[in-house]
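J.: Take a look at this one; I'll ask things after.
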Amino acid sequence: MASARFEAIADDFDLLDAWEDRYRYVIELGRSMPPLDPALKVPATKVDGCASQVWIAPRIEGQGASARFDFDGESAALIVGGLIAVLHALYGGLAPAKVLAVDAGAELGRLGLDQHLSAQRSNGLRSMVARIRGIAQAALEQA
C-alpha cells in the first residue's frame, strides 16, 4: 500500500545496519524538504502533542475522486523534520480516501521506528499521523 517513495526509504533502511546511520538518514531526508513558508507557521498548522514545534500545512489538489493530498511541514528538531519527510513519502500525492486506508503503524513499524524513538517522539509522530488523517477525512466530507 505504501508509495514508491516510502518503499525506497524502507529499502534504504534495510541497507543501513546501525541505528545511528538510520537516524542520520532520517535527518538528511528532513534537510531535503523545502523550508515552510513562515506565513504558514500559524496556530492552525501547528501540530499539538509534539515535544518540539511542528507545523503541517496541507494542500488538497483537485476535487472528488481525482483529489490528491499533499503537505508542507517543518520542525526545528532535526529528527522530527526527518519524520515529517518520512510521512510525506508515505502520504504525499495520495487520494484522501487512500490516506485513510494507509496503516501508518504497520508501515512505520517496517522501519523499526516504533522501537527506536523516545516515547515523546513516538507520541509526536502519532499526533502528526492523526493530523494528516484528520485533514484527509475533512477533505472527504467536503467532497
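Just so you know, all these numbers are worked out from the coordinates, no wet-lab data involved. These numbers were taken from a predicted model, which means no experiment stands behind them. Methodologically, a virtual Cβ is constructed for each residue, glycine included, from the backbone with ideal geometry; neighbour enumeration extends over all protein chains shown.
J.: Could you grab me the full set of residues in region 109-143 that are among the hydrophobic types (A, V, I, L, M, F, W, C), touching a helix residue (DSSP H, G or I) at 6+ places or on another chain (Cβ under 6 Å) and farther than 16 Å from L87 by Cα?
T.: Residues satisfying the conditions are A139, L140, A143.
J.: Let me ask something additional. What single numbered condition from (1) surrounded by 15 or more Cβ atoms within 10 Å (Cβ to Cβ); (2) under 21 Å from L16 (Cβ atoms) fails to hold for A67?
T.: (2)
Condition check ((1) of a type in the set (D, E, K, R); (2) loosely packed, with under 13 Cβ neighbours inside 10 Å) across all residues:
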| residue | (1), (2) |
| --- | --- |
| I9 | no, no |
| F13 | no, no |
| L16 | no, no |
| E20 | yes, yes |
| L29 | no, no |
| P38 | no, yes |
| D48 | yes, yes |
| Q53 | no, no |
| I56 | no, no |
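J.: Restricting attention to region 91-124, which residues are touching a residue at least 40 places away in the same chain (Cβ under 8 Å), surrounded by 15 or more Cβ atoms within 10 Å (Cβ to Cβ) and over 22 Å from R68 (Cα atoms)?
T.: Result: R110, L111, R121, G124.
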